[in-house]
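Single-structure report; data block below.
The values are calculated or read from the model by the stated rules, or taken from the named source; none is laboratory data. Remember, it's a predicted structure, so these values are computed and weren't measured experimentally. We place every Cβ from the backbone using ideal geometry, glycine too, and count neighbours over all the protein chains shown.
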Amino acid sequence: MNHTLKTYLPTAVILLTIAIILFFARILAWQISPVVDLPPLTPLKELILIVVGLVAGFLGGIIGTGGCSVMLPILHFWMDYPAQIAVGTTLFAVIFTAISGGFGHLIRGNLEKRATLWLGLSGIAGVLLGSWLFTFLAAQSTLLGFILGILFLWPALRMIWEGIRQSGLPPRQGNRIHASAWGLALFGFLVGIATGIAGLGGGYALVPGLIYLFSAPVYLTMGTSLATMIPLALVGGGIKLAGGFVELTTGLLLAAGTVIGAQVGAAVIKRFKPHTLKLIFGLYFLYVSVKFITAFFGIRVW
């Protein structure tokens, strides 16, 4: 692939993805109705959803995380979406973000195909199991919230620690991820289960896991993570859509924002101090985790 095509093809694909998302978000005449009644979307709410997607994508473009971790709690706590709908809708939105970002990394060689294959295949098996478990948890919103709170602790504590230390992920060299197939498969399976249950995965687990557990080169982890999330989000998001756990228009509007925000974040990454953003959003994720966990015990935290 020549240099000109490699430069402009990702932009063309991204613009086409955005156009398709916005097209369906505005004229879609059908959708699988969610299992619970939701308040109607107003023009103001639609604008807010796009902005939320922009913020989530922007954060992800700068520090490699933030998609579902930003969107899910905002939908649940501040826009009054039930936890099960927030989980399904944000996971559905990630389909478009992962395809857009993963494709860009693929043509630039910023992913490891062998690791992506093992993580993706085992991750699909994990998503199927996690989605089956989700069907039991969906009717128990407080228990589902408690599990979400526990899962939010990991990115919160990691980001706070790296923000205070003013450090990032440790640099690694090379163009391969030297890990055993069974190790990658087991890790992908566990991430898949978490994705199926809570709609979380991607950067919050895959990126640090690949680096700290498998000593992967940093530049390979972002692309490998996004590419791995494509089949996981497709399977998990598709199952939740079929089960009525996705508010489709909401998911499409979020997706449009994340696709744009991720590109903006990648473009201006050198102008920001990632450790400062990590500390800010780490504290935010810790707050979200406390809200979920205390709600399980009947304690409401504002």
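In the stretch 129-162, what count of residues is obtained for those that are over 19 Å from the mean Cα position of the chain (by Cα), of a type in the set (Gly, Ala, Ser), in a helix (DSSP H, G or I) and at pLDDT 80 or above? Counting residues in the stretch 129-162 that are over 19 Å from the mean Cα position of the chain (by Cα), of a type in the set (Gly, Ala, Ser), in a helix (DSSP H, G or I) and at pLDDT 80 or above gives 0. Just one of the listed residues (Ala198, Ala242) is surrounded by fewer than 19 Cβ atoms within 10 Å (Cβ to Cβ), at pLDDT 85 or above and of a type in the set (A, V, I, L, M), and it is Ala242. Screening Gly203 on (1) in a helix (DSSP H, G or I); (2) crowded, with 19+ Cβ neighbours inside 10 Å; (3) modelled with pLDDT of 80 or more shows it passes everything except condition (3). Selection of the stretch 215-237 for residues being in a helix (DSSP H, G or I) and free of Cβ contacts under 8 Å to residues at least 60 places away in the same chain yields only Val218. Among the residues of the stretch 277-284, is there at least one that is at pLDDT below 85, hydrophobic (A, V, I, L, M, F, W, C), out of contact with any Lys or Arg (no Cβ under 8 Å at 6 or more places or on another chain) and buried (at least 21 other Cβ atoms within 10 Å of the Cβ)? Scanning the stretch 277-284, I find at least one residue that is at pLDDT below 85, hydrophobic (A, V, I, L, M, F, W, C), out of contact with any Lys or Arg (no Cβ under 8 Å at 6 or more places or on another chain) and buried (at least 21 other Cβ atoms within 10 Å of the Cβ), so the answer is yes.
Taking the stretch 56-71 as the range and being modelled with pLDDT under 90 and closer than 23 Å to Thr142 by Cβ as the test, the residues that pass are Cys68, Ser69, Val70. Considering only residues of the stretch 72-114 that are farther than 21 Å from Gly244 by Cα and not in a helix (DSSP H, G or I), which is modelled with the lowest pLDDT? Restricting to residues being farther than 21 Å from Gly244 by Cα and not in a helix (DSSP H, G or I), the top hit is Arg108.
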